[in-house]
1. Relative to a virtual label point 7 Å from the Cα of residue 280 in the Cα→beta-carbon direction, which members of the range 291-312 show backbone nitrogen distances below 17 Å?
2. Take 387, 286, 37, 251 and order them by how many other Cβ atoms sit within 10 Å, fewest up front.
3. Please find the FRET efficiency linking residue 361 to residue 86, where r is the Cβ-Cβ separation and R0 is fixed at 45 Å, and quote it to the nearest 0.05.
4. Roughly speaking, what is the stretch gain from residue 161 to residue 338, that is 0.36 nm per residue apart minus the C-alpha to C-alpha distance, in nm to one decimal?
5. If the viscosity is 0.692 mPa s and the temperature 37 °C, what translational diffusion coefficient in µm²/s does Stokes-Einstein give for the range 143-260 when Rh comes from Kirkwood over Cα pairs?
6. Given N residues in the chain, what is Rg(Cα) / (2.2 N^0.38 Å)?
7. For the range 240-391, what Kirkwood radius comes out of the mean inverse Cα-Cα distance, in Å?
8. With contacts defined as alpha carbon pairs under 8 Å and 6 or more residues apart, what's the relative contact order of the chain in percent?
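We did not get these values from a lab; they are worked out from the coordinates using the rules stated. Quick caveat: nothing in here was measured; it's all calculated off a predicted structure. FYI the Cβ positions are ideal-geometry reconstructions off the backbone, even for glycines, and counts take in every protein chain you see.
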């Protein structure tokens, strides 16, 4: 299986490493005082410099982290060389999507990634004070107690297993139990856990047995260097819906096509732009639909947001909702579904509408409501933009993360200047 992440294991940002003098310490009232911030190493499966997916999804997070703390490196925990090929062979499945999921989510790969990552950090433990691990495809503290770590995650395997048809849980019953045990152990070994949503925090507490004080919701940021100018709100008889979902079925593309066909009976001039990587089956209604192949070209995506009047994402499984944040940044009202973290992103009747999951009729009614009311679209779009400005910018997310980092450092007997 081709893995675009086959590059160097780790890389440093274009920022100077912390100076040796930052280790100067003195003891006051029994605490080790340090005028500098903790030196951090990031870790994730993906190369934020060369892999477009990792770069777009996590690059701005690490940029913001580096502005708050000395970021020593970002370690790519992807399997390399012979381990990568062995993993591809043992995870093989004739269905490409299933193969991809199994390639990243299998017990053997979790253990291999954990061993290599933990071994790497042991070699530089004198240079770092904390590991910030993104996701739970490995355990950065595998068979070791130092340095301390913080896990930042947007989902859990237990939540994915509750929606098997979405294709994000490629395990047999036995394999799932083994994976959940590994995930639980990683959470237990971490010094603290931060999540994007309350949905995931609740899962980690209730389904993995972590104490509430160990898990904090810090949210997530919109993946732009700066917020764009909002799209102009048009008074048009041919309003345009935008859908972006590389995985057509998981993102609910089929549900949207059915709902759009119903809505178009009342709004015949409406148009739908669908950005997806999967060929749409021939028997789906496509009148008024423009299919655009999925792309990482941010200029193309920006132009699509600016051409749209509303954004729709009726996913069967959505770990968070990055595209919702992007749409809101452009001042677009959004339609999402219940039972997902997007309920925390979309304020129903304020920044958009939330309908019951997989309810085509309810989705169609919401489409008609927004397609036929330009004033409502404008008001909701303005509120969506305000929420993006006030809640979903990476520097603010990292500031909240910094509070958790300070707790970790103080618990370990250190006092740091955090978030200045």
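1. 291-295, 304-305, 308-312
2. Values: 387 19, 286 16, 37 22, 251 25.
The most exposed by this proxy come first: 286, 387, 37, 251.
3. Using R0 = 45 Å, I get an efficiency of 0.40.
4. On the way: separation 177, 0.36 × 177 = 63.72 nm, distance 1.73 nm.
Contour length minus Cα-Cα distance gives 62.0 nm.
5. Details: Rh = 17.6 Å.
Once the numbers are plugged in, D ends up at 187 µm²/s.
6. Details: Rg = 22.3 Å, N = 420, 2.2 N^0.38 = 21.8 Å.
Relative to the 2.2 N^0.38 Å estimate, the chain comes out at 1.02.
7. On the way: mean 1/r = 0.0667 Å⁻¹.
Its Kirkwood hydrodynamic radius stands at 15.0 Å.
8. Working: 780 pairs, mean separation 65.4, N = 420.
Relative CO of the chain lands at 16 percent.
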